[in-house]
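Input: a single structure, listed below in structure tokens.
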Amino acid sequence: VLAPAFLPEPSGQTGGAYAEQLSGLMLDVFTRTRGRAMGLFTSYEMMNQVARLLEEPLHEAGIRLLVHGASGSRDHITRVFRSGGACVLLGTHSFWEGVDVAGEALSCVVMARLPFSAVNDPIIEARSEQIELAGGSPFREYALPQAVIRFRQGFGRLIRTRSDKGVVIIADPRIVTKNYGATFRKSLPCPVQNVPSRDDLLSRVEALFA
């Protein structure tokens, strides 16, 4: 599990810069894994931004890009991806869980950001107000635990059998820069390696897939 600390945080102020740098890193990683990779996003907007930047260079590299909502239904693109070959699948919320792709067809998972729910969701707002009225912390008692559950589910897309192996890249530096990042790291069955540079990350990926 690798955490590229050199990426900017995926905040609103740096959303465009983050999408550009994330797509560049994904391209470098996916060409080294020869596809066989899944990108998990928390919003369609970010996913589609990255998809537009990846489509042409992946095509030139002989890697097929499957995008949730643009390349067909969830079931269709999952079947295509599961059949193997040089494919990259980009998905949003429903792909964080319940999608089983065992073996080498899925050898790399990139989480675009930590999967916190949207703060303007009416259900989230109502639940947070209840916790605040009771004197609690909505973030610590609700938002963080829910995000950790989704995070573990995303990690679980890679390891479906005892023989599965590969790399998970958490492309959100908050997992190592924020105090709450420790909660995410402790939820995984293996250590998260903080990677300071792009070259270092790519060399680790190359070594794994050599």
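Work out, in µm²/s and without decimals, the Stokes-Einstein translational diffusion coefficient of the chain at 10 °C, 1.306 mPa s, Rh from Kirkwood over C-alpha pairs.
91
Keeping the other protein chains in place, figure out the carbon and sulfur percent of the accessible area of the stretch 76-210, with a 1.4 Å probe.
C and S atoms contribute 50 percent here.
Output ³J(HN,Hα) for the stretch 79-88: one whole-Hz value per residue in order, computed from phi by the Karplus curve 6.51 cos²θ - 1.76 cosθ + 1.60 with θ = phi - 60°, and x for Gly and Pro.
Those phi angles translate into 4, 4, 5, 5, 5, x, x, 7, 10, 10 Hz.
Ranked from the most accessible area to the least, with a 1.4 Å probe and all protein chains present, what is the order of Asp121, Asp199?
Descending accessible area places them as Asp199, Asp121.
Determine the relative contact order of the chain: mean sequence separation of Cα pairs under 8 Å and six or more apart, normalised by residue count, in whole percent.
The normalised contact order for the chain reaches 33 percent.
For the chain, what does the helix formula give at 222 nm: sum of -39500 (n - 2.57) over DSSP H segments with n ≥ 4, over the residue count, nearest 500 deg cm²/dmol?
Using -39500 (n - 2.57) per qualifying helix, the result is -13000 deg cm²/dmol.
Compute the accessible area per residue over the chain, keeping the other protein chains in place, probe 1.4 Å, unit Å².
Here the per-residue accessible area is 49 Å².
Which whole-number value in Å³ per residue fits the convex hull of the alpha carbons of the stretch 1-64?
About 93 Å³ per residue, rounded to a whole number.
The values are calculated or read from the model by the stated rules, or taken from the named source; none is laboratory data. As the structure is a prediction and not an experimental result, all values here were calculated from the model. Side chains are part of the model used for accessible areas, which takes the heavy atoms of the whole protein and leaves out ligands, DNA and RNA. Shrake-Rupley method; radii C 1.70, N 1.55, O 1.52, S 1.80 Å.
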